Amino acid sequence: MGLRLIPLKIRVLHPGDDLLEAVLEALKEGNLKLRDGDVLAVSSKAVSIAQKRLAKLEDVKPGDEALKLASMYDLEPNFAEIVLREADRVLGGARGALLTLKDGTLTANAGVDQKNAPSGYAVLPPKDPADFSRKIRVEVFKRTGKKVAVMIVDSRVTPLRMGTVGYALAVSGFKPVVDLRFKRDLFGRKVRITRHSVADDLSSAAHVLMGETDERNAIVLIRDAPIDLVDEEFDSSMNIKPEECLFMASLLKKLEEGKEG
């Protein structure tokens, strides 16, 4: 049987709710039982809300840099200040969003989002998503006896492409990237640089079902995925250095050339 994805509609979560309990409730309501080798794709926003990772906009005083960025990119100053606090670096922006570096990943607004947040609040990115995914995986085994994998899924934009796609913030239970270097292609040529991000592919498939608005499919059960279970967690290890990244290396080189000119 091929890959199967099953969306799980969960109740609306409130800050501090037990996310795993909500998952198990959704499985029960859907008449579904976990199997060894299943992957639970979990929305990063659901994780953030369970961790109480919210900021009240009116409690945030924007500084000079936030005011400047808000004016340049048409943002709420309070929101821009929260993004600055969460970002490791702000690289630029476009109308309505800042391009930031956060935990080694290029992302919009450092993962801060107001979509599906209570009125007047912004949702911050999850804290230590790899550890959270491990805790969910371990607790699932304790409660069900099943060995599953867990992914924390967020959305991002791709350079020069319209729309969002899913990607894995963190993975627990399987190796997220398959190294294909030095293998042979159909014509016997040795592969030089290709590594396959299985976790990001699965995350993007799950993201189709999770949606971006009022779907409430915060969990997607992935069945018969082409993975091998391991007792490890991954987050920043899925990243590559800026100087090895096609986009970042090219942009940084252009920036340096501009300074020299």
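The values are calculated or read from the model by the stated rules, or taken from the named source; none is laboratory data. Not measured: the values here are computed from a predicted model. Positions of Cβ are generated from backbone atoms using ideal geometry, with glycine treated the same way; all protein chains shown enter the neighbour counts.
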If you check Asp36, Asp59, which single one turns out to be over 22 Å from the mean Cα position of the chain (by Cα) and assigned by TED's automatic domain parsing to the domain that holds Lys175?
Asp36
The residue that is surrounded by the most Cβ atoms within 10 Å (Cβ to Cβ), considering only those in the stretch 226-249 that are among the acidic types (Asp, Glu) and assigned to a loop (DSSP other than H, G, I, E, B), is Asp235
Pull up the stretch 1-26, narrow it to residues that are part of a helix (DSSP H, G or I), of a type outside the set (Gly, Ala, Ser) and in contact with a helix residue (DSSP H, G or I) (Cβ under 9 Å, 6 or more places away or on another chain), then point me to the one that is farthest from Lys146 (Cα to Cα).
Leu19
The one condition in (1) out of contact with any helix residue (DSSP H, G or I) (no Cβ under 7 Å at 6 or more places or on another chain); (2) surrounded by 11 or more Cβ atoms within 10 Å (Cβ to Cβ); (3) of a type in the set (Val, Ile, Thr) that Ile193 fails to fulfil
(2)
Residues located in the stretch 164-183, provided they are at pLDDT below 95 and farther than 20 Å from Leu229 by Cβ
Thr164, Leu180, Arg181, Phe182, Lys183
For the structure I just gave you, tell me whether Leu202 is more than 23 Å from Thr107 (Cα to Cα) and at pLDDT 95 or above.
no
Please go through the stretch 72-108 and give me each residue that is touching a helix residue (DSSP H, G or I) at 6+ places or on another chain (Cβ under 6 Å) and either part of a helix (DSSP H, G or I) or hydrophobic (A, V, I, L, M, F, W, C) (or both), ordered by number.
Pro77, Asn78, Ala80, Glu81, Val83, Leu84, Glu86, Ala87, Ala97, Leu98
In the stretch 163-190, residue nearest to Val153 (Cα to Cα) [restricted to those that are in contact with a helix residue (DSSP H, G or I) (Cβ under 9 Å, 6 or more places away or on another chain) and among the small types (Gly, Ala, Ser)]
Ala168
Residue within the stretch 77-90 that is within 23 Å of the chain's Cα centre (by Cα), surrounded by fewer than 16 Cβ atoms within 10 Å (Cβ to Cβ), closer than 22 Å to Met248 by Cα and not basic (Lys, Arg) present:
yes
Quick check: is even one residue across the stretch 28-46 at positive phi, modelled with pLDDT of 95 or more and not aliphatic (A, V, I, L, M)?
yes
Does Arg223 satisfy being surrounded by 15 or more Cβ atoms within 10 Å (Cβ to Cβ), within 19 Å of the chain's Cα centre (by Cα), under 28 Å from Val148 (Cβ atoms) and among the basic types (Lys, Arg)?
no
Six or more apart or on different chains, Cβ under 7 Å: which pairs go from a residue in the stretch 106-129 that's among the small types (Gly, Ala, Ser) to one that's at pLDDT 95 or above and loosely packed, with under 15 Cβ neighbours inside 10 Å? Could you list them?
Gly120/Lys56; Gly120/Glu58
